[in-house]
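What follows is one structure encoded as structure tokens, with my remarks underneath.
Read the figures in this text as sums done on the coordinates, not as results from a lab. Source: prediction; values computed, not measured. Cβ sites come from the backbone with ideal geometry, for glycine too, and all protein chains shown count toward neighbours.
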């Protein structure tokens, strides 16, 4: 009897004792303050594609860092109920039971989802395997939909007005560059009025240095707002990069920069290139013609003392070499390695070889 009573007391004591951490998949902490959830999208196979990093804390704040999107940083405030529901979604997906790594795809999005609190951390890297893990796919969708992250992929006036109204966002250079790159002049004007500063990236986007043909009307607006000094490094770099815009057959951006007094022979302080060097390198024949007609030095020494003709010869630029020779380019000049344009010409460019020899 005494032994049975002792056994019953032992069983009761064991039942009342703490049982350790919750079982795998049990993600229901009573206090969510110290919980942090994150979601990161990377597209290493695609330069300049929309990527982002989402971090959501138990306090309700969600910080979204964006690369190649409509802005660089957004801060949102979730309700306690929304955050608790998201934690429940991790539980429903049995997140801690999903292996960190699985089969790896090629040229696929890399999605990293993580959970962290005071006692444990778990991370899952999804390289195209969510299609075979529906619970993980649903969890990823829940996070994206909660933050509405896809709306930050492209610029729009409505988006910027909404962000500004939240009073938790400051217009930045990435927003200005994104709007300039697609020619959204309404958004550009709005961002400038809200205090966005014109820096190198927006200027380059408007000049067509990054992607697309460029948008001279936005470039003019930037130049009017910034009063860019014609001798500044930024003015010279903008001229150089605009000269290399091979996507456009017009030279409106170059004409605009020239009208502001920017030197057509100014050299990029980093690369040593003049606008003519860049136009030749990128096979931008319209820019070459324009620059030669507006006092560009045909024999200007660039990186390693290479002239535009040397750059054209090395790149086998069939339509550029005749333009330079007609403008009086000297064939016998040598670079820092002692090589002439003929020395730099690839063997397969036989027609240019004869042209250069005849022009000696």
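For the stretch 240-360, what is the Kirkwood hydrodynamic radius in Å, using each pair of distinct C-alpha atoms?
14.2
Using the alpha-carbon centroid of each, what span in Å lies between the stretch 116-130 and the stretch 30-92?
Taking the Cα centre of the stretch 30-92 as reference, the centre of the stretch 116-130 is 13 Å away.
Can you tell me the length gained on complete extension of the stretch residue 217 to residue 127, counting 0.36 nm per residue apart and subtracting the Cα distance?
Extra length from residue 217 to residue 127 when fully extended: 28.2 nm.
Bin width 5 Å, origin at 0, all Cα-Cα pairs of the stretch 61-161: what percent of pairs per bin?
Result, from short to long distances: 2, 10, 19, 21, 19, 16, 8, 3, 1 percent.
Over the alpha carbons of the chain, what is the largest minus smallest coordinate on each principal axis, giving the biggest first in Å?
Ordered largest first, the chain gives principal extents of 119, 49, 31 Å.
Quickly rank 343-353, 191-201, 298-308 as a protection proxy: mean count of other C-beta atoms within 10 Å, highest first.
298-308, 191-201, 343-353
Measure nothing fancy, just the Cα-based angle from helix 216-226's long axis to the longest principal axis of the chain, in degrees from 0 to 90, nearest 10.
On a 0 to 90 degree scale, this one is about 80.
Using r as the Cβ-Cβ distance of residue 185 and residue 351, and R0 as 45 Å, what FRET efficiency do you calculate, to the nearest 0.05?
0.50
When the helices in the chain are scored as -39500 (n - 2.57) per DSSP H run of 4 or longer and the sum is shared across all residues, what 222 nm value do you end up with, to the nearest 500 deg cm²/dmol?
Theoretical 222 nm ellipticity from helices: -12000 deg cm²/dmol.
How much length, in nm to one decimal, is gained on full extension between residue 67 and residue 94, taken as 0.36 nm per residue of separation minus their Cα-Cα distance?
6.7 nm
Output the 0 to 90 degree angle, nearest 10, between the alpha-carbon long axis of helix 2-16 and the longest principal axis computed from the alpha carbons of the chain.
Tilt of helix 2-16: around 30 degrees.
Using packing as a proxy for protection, rank 168-174, 95-101 so that the peptide with the highest average count of other Cβ atoms within 10 Å comes first.
Peptide ranking by packing, descending: 168-174, 95-101.
If I fit a long axis through the Cα atoms of helix 80-92 and take the longest principal axis of the Cα atoms of the chain, what angle between them do I get, 0 to 90°, rounded to 10?
That works out to roughly 80 degrees.
Determine the distance separating the Cα centre of the stretch 330-354 from the Cα centre of the stretch 136-172; give it in Å without decimals.
Each part's Cα centre sits 54 Å from the other's.
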